[in-house]
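Coordinate-derived values only; no laboratory data. Just so we're clear, the structure is a prediction, and the values are computed from it rather than from any experiment. Cβ sites come from the backbone with ideal geometry, for glycine too, and all protein chains shown count toward neighbours.
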Amino acid sequence: MRNADMPARPAGSVRKKRPAHDPGGDWVETDRVQPAHAGLTKLEEISSRIMASFASDPDITGPEDKIADVAVDWAEALLAAIERRKSP
């Protein structure tokens, strides 16, 4: 899976239970579960932040679909740069 397609902020949980013999003890992890909701992908999260910055700038005008394309292009460029820096 590409980094851009990974969840930006997955929402999930770790199931835990207390041991029966020690009701006052600490929680014990029993198993891990997948996120219940993956949420936005990293690409979607970054694109939305870039788009929000465009929307807050009165000097940026034009067709919204073109501005949105630029936001996605910038987000893809950022993720590609991150990947390049990770690889040796």
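If we count every other residue with Cβ under 12 angstrom of GLU83's Cβ, Lys/Arg +1 and Asp/Glu -1, where does the sum land? Intermediate values should be presented prior to the final figure.
Working: positive: ARG2, LYS42, ARG84, ARG85, LYS86; negative: GLU76.
That sum, taken over residues with Cβ under 12 Å, equals +4.
Using packing as a proxy for protection, rank 71-84, 48-61 so that the peptide with the highest average count of other Cβ atoms within 10 Å comes first. Please report the intermediate quantities before stating the final value.
On the way: 71-84: 14.4, 48-61: 11.8.
Going by the mean number of other Cβ atoms within 10 Å, highest first, we get 71-84, 48-61.
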